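Heads up: the structure comes next, in structure tokens.
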Amino acid sequence: MNPSQKSALIVGASRGLGLGLVETFLGRGWRVTATQRTPSPDLGRLDSEALRVETADIDDDAGVAALHDRLASERFDLIFVVAGVATQAHDPLHAVPRDVAAQVYLTNAVSPIRFAEAFRDRLAPGGSLALMSSILGSVSLNETGGWETYRASKAALNTLARSFEIRHRAENLSVLILHPGWVRTEMGGTEADLDVATSVTGLADVIAAALGRPGAHYLDYRGETLPW
Ligand SMILES: NC(=O)c1ccc[n+]([C@@H]2O[C@H](COP(=O)([O-])OP(=O)(O)OC[C@H]3O[C@@H](n4cnc5c(N)ncnc54)[C@H](OP(=O)(O)O)[C@@H]3O)[C@@H](O)[C@H]2O)c1
């Protein structure tokens, strides 16, 4: 193993942006541990000695704890929780069953922060913890409405990420809260502005530039700071 080789844990990498980030970091010479919930054919097709594939559902605390144990000897320069859902995102809040709205909040806001809490001891010195948010999580930029449960879940993620960073301020944690742009994935749809490659290349550049920067930073894939 090359001791100067950087190492990333990408959580939620079966497809879409997570998969694209795995390919990008491998292409940049990083070692990558990628997680899936169920066997991902796309991840399985990646042929690299620098790739380790693990299985975990971020909503499953026991499964996350078991992953933490399996990765006991690892230290990551980047831990990036990418996983997210947009269930019934087009319906207004009152039209979404309570349990569905609650699950969007749990997966998009609660589980990423619980994951960060559990895995912060697996960060290498000078590393960063990244969380996939969205520009829709910005309260001040909400001029158009829509995507109500999803928007609220990402705003909650942003708030919880700031509280997480403040709770651990003595550790000088670097917390990157990232917006990938509007991207053509299963979630983003075919009408979206960007292809996956453009988004993940930008995100990887932004991460490289901000790696280890203490504090909580809300940035888009071009490195622009977004207003809360
Ligand atoms: N695409 C966009 O325009 C856009 C814009 C802003 C933000 N984002 C955010 O970017 C992230 C990735 O989105 P995407 O566009 O790549 O969406 P996607 O293609 O729908 O992929 C979602 C990923 O999250 C995983 N996932 C969902 N729930 C999970 C759980 N409980 N545990 C572990 N993994 C879970 C999925 O795994 P399975 O394959 O097992 O379902 C899949 O790998 C999300 O957080 C999303 O909110 C996307």
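Protein-only accessible surface at a 1.4 angstrom probe places the residues 182, 228, 147 in the order 182, 228, 147, largest first. Accessible surface computed residue by residue for region 100-167, with neighbouring protein chains in place and a 1.4 Å probe, gives 40 Å² per residue. Going by the alpha-carbon gyration tensor, a ≥ b ≥ c the square roots of its eigenvalues, is region 7-220 rounded (a/c under 1.5) or, if a/c is not under 1.5, prolate (a/b greater than b/c) versus oblate? In terms of gyration-tensor shape, rounded. Using the 1.4 Å probe convention, the accessible area of region 1-87 works out to 47 Å² per residue with neighbouring protein chains retained. The share of accessible area on the chain that comes from carbon and sulfur is 52 percent, using a 1.4 angstrom probe. For region 157-198 and region 83-108, write down the distance between their C-alpha centroids in whole Å. Spelled out, the Cα-based centre of one part sits 18 Å from the other.
The values are calculated or read from the model by the stated rules, or taken from the named source; none is laboratory data. All of these numbers come straight from a predicted model, not from anything done at the bench. For accessibility, only protein heavy atoms count, side chains too; no ligands or nucleic acids. Shrake-Rupley method; radii C 1.70, N 1.55, O 1.52, S 1.80 Å.
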